[in-house]
Amino acid sequence: MSADFVEARPVQKPPYRTAQDILEGQSRGGRGVIERAEWARLAFEGLRSRCTHVPEEELVRLFSNRGQSQLELIQGAAVFKEYNATHPSGPRRKAKGRPKPGARRPPPAAAPPARPAAAAKQAPPRKPAKAAERPRPAARSAPARSKPAPRKAAPVKAKRRR
């Protein structure tokens, strides 16, 4: 074989499914359910009028591989998607946790300004109590040890005759 010639091979489909392939399959399945079942057609029309902010293709995908017993699941998912479409999330918060190695730490926050001495109210200083005026703690004695109460024997169950 010559090093100049390389045999061309046909392009093969990858062994895995991409996200686009999965979404297309769900759309085909949802369209099929809607076309075949009366309950799905009625539910789809109702959801399309009620969930106006959700794209129609997302509503169709909800019906993929579903039966009539899962109608509440489909409706709940559609309402959830409608809520998320009408209530966008705010800015993402930074994750709290340990700082990355080598990351700079922020400078410490400045202390609040001190109050002027005249404005600050101070309680009068307490006088230390004299030894005679201090209450004495009650004397404690070790509790007397007694023998534990004897255990009662467990009642014996009568054996059943077979």
> Identify, please: which residue in the range 5-46 is of a type in the set (Gly, Ala, Ser), surrounded by 11 or more Cβ atoms within 10 Å (Cβ to Cβ) and out of contact with any Lys or Arg (no Cβ under 9 Å at 6 or more places or on another chain) and is, among those, nearest to residue 73 (Cα to Cα)?
Replying inline: 43
>> Tell me whether the range 47-54 contains one or more residues that are surrounded by fewer than 10 Cβ atoms within 10 Å (Cβ to Cβ), more than 25 Å from residue 25 (Cα to Cα) and of a type in the set (Ser, Thr, Tyr).
In response: no
> Quick one: what pairs do we get from the range 1-29, first residue closer than 30 Å to residue 59 by Cα, second at pLDDT 85 or above, C-beta under 6 Å, 6+ apart or different chains?
Replying inline: 26/61; 26/64; 27/60; 27/61; 29/64; 29/65
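The values are calculated or read from the model by the stated rules, or taken from the named source; none is laboratory data. Since the structure is predicted, the reported quantities are computational estimates derived from the model, not experimental observations. Note: ideal-geometry Cβ built from the backbone for every residue, glycine included; neighbour counts use all protein chains shown.
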